[in-house]
1. Within the bounds of the stretch 321-339, is there any residue that is at pLDDT 95 or above, buried (at least 16 other Cβ atoms within 10 Å of the Cβ) and farther than 20 Å from residue 226 by Cα?
2. Considering only the stretch 383-425, state which residues are under 20 Å from the mean Cα position of the chain (by Cα) and in a strand (DSSP E or B).
3. Just the residues that are surrounded by fewer than 14 Cβ atoms within 10 Å (Cβ to Cβ), away from the ligand (no atom under 12 Å from the Cβ) and within 25 Å of residue 280 (Cβ to Cβ), please, taken from the stretch 162-197.
4. Among the listed residues 428, 406, 411, identify the single one that is without any contact (Cβ under 8 Å) to a residue 60 or more places away in the chain and either touching a strand residue (DSSP E or B) at 6+ places or on another chain (Cβ under 6 Å) or under 20 Å from residue 14 (Cα atoms) (or both).
5. Scan the stretch 203-221 residue by residue and report those that are over 18 Å from the mean Cα position of the chain (by Cα) and part of a strand (DSSP E or B).
6. Let me confirm something: among 353, 364, 389, 343, which residue is surrounded by 14 or more Cβ atoms within 10 Å (Cβ to Cβ) and within 18 Å of residue 229 (Cα to Cα)?
7. Here is a check on your reading of the model: is residue 200 part of a strand (DSSP E or B), under 19 Å from residue 283 (Cβ atoms) and more than 9 Å from the ligand (Cβ to nearest atom)?
8. Output the number of the condition that residue 83 fails; it satisfies all remaining conditions of (1) buried (at least 18 other Cβ atoms within 10 Å of the Cβ); (2) over 19 Å from the mean Cα position of the chain (by Cα).
Ligand code: MV4
């Protein structure tokens, strides 16, 4: 097992990883920017090292700064968390080259899944179908026109280097294909330095369902069911739940086993998420994330598995501590992402937290790095914590979430807890009746 893990992240996820290290008897090293000198992850780690000035590009995203911190602290592994360097294949490669373990899949797996066309090709070869469309890159506007005519309108043109919604264009008819193709291509080049695009049938109101998998890198893989992450605004998830309200045990086993077999066959090592659009009873693969995700706690709650612990075990070559036939989902879990932002304008609201109080009680978990007196810096994302509830069924989980949010106190800044209170009281939400565009249309028709 590793003796020291460097946690290349900040905020609640850095604390989550430090906790796992301590439980496993592993030393934890924090890295921080000058803006985070007083951050909780710095206090909770066994040692801490400053890696640069406040802008992420010069600190948490600086490969050389993080690499140097590993060498200086004699860390034998790096956990990247989510965001920052977590899905950067050249960083994974740099660590490999310096004999430091990356807690995640191989640089090669990170790179292949980062290329969305390649990811679709790999998954298709493992019997996981994507949305019908081009088999590979679309080279020209004429090519796009021909494929669009074949699959039928509407279509969506996506950047191969994309994800997160950038470099995407929808065409609802023949006259829109050329413009959509040209715009998607130039946006892709500007955003990702790669102008490769592909085309798919556009699905109107799907759900976003993602399957949690863990591979041991030695030909074994497990799945931990799905999460429904459809409630989002501008590609930022707001609320996630497990199990998915639209997914029954038969469907879960079918898609779950397919995903587990895929990671097993790939020789994938680590945690991953296989993302699907789900419509009319069918799953369509869109992307695979090769990192730990923000919303992993809902899966941990219903499966009773510590995903970070399994990541560390697998990276150290110890294999998984769990087997598929011993795993089952129990009850229902919901996560609310608490952001420092105004509602309903969604403007960032950094500043000093004058009083902080976390909710508690049975089935309530709050992952946060905020404390009374903490100054939320303006440099990073607005996530200040996650309230995760777990209860026997969905209705009681929603009721528990509402009560937990009543208990939450974050004075001094604005935050989005009132948004969740309104969602908890909404009929569609209570019925589990929503899709990826539901939240944005509801926000448009709701007065505050
Ligand atoms: C789609 C789609 C509809 N049809 N693909 C957006 C980000 C990227 N990860 C994939 N995305 C979409 N791909 C087809 N063929 C709709 C979206 C989409 C979306 C997907 C998941 C979660 C939120 C979304 C919001 C808008 C559009």
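1. There is at least one residue in the stretch 321-339 that is at pLDDT 95 or above, buried (at least 16 other Cβ atoms within 10 Å of the Cβ) and farther than 20 Å from residue 226 by Cα.
2. Residues satisfying the conditions are 383, 384, 385, 386, 387, 388, 389, 390.
3. 172, 173 - these are the residues of the stretch 162-197 that are surrounded by fewer than 14 Cβ atoms within 10 Å (Cβ to Cβ), away from the ligand (no atom under 12 Å from the Cβ) and within 25 Å of residue 280 (Cβ to Cβ).
4. 411
5. 216, 221
6. 389
7. no
8. Here residue 83 clears every test but (2).
The values are calculated or read from the model by the stated rules, or taken from the named source; none is laboratory data. No experiment lies behind these values; they were computed from the predicted model shown. All Cβ positions, glycine included, derive from the backbone under ideal geometry; neighbour counts span all protein chains shown.
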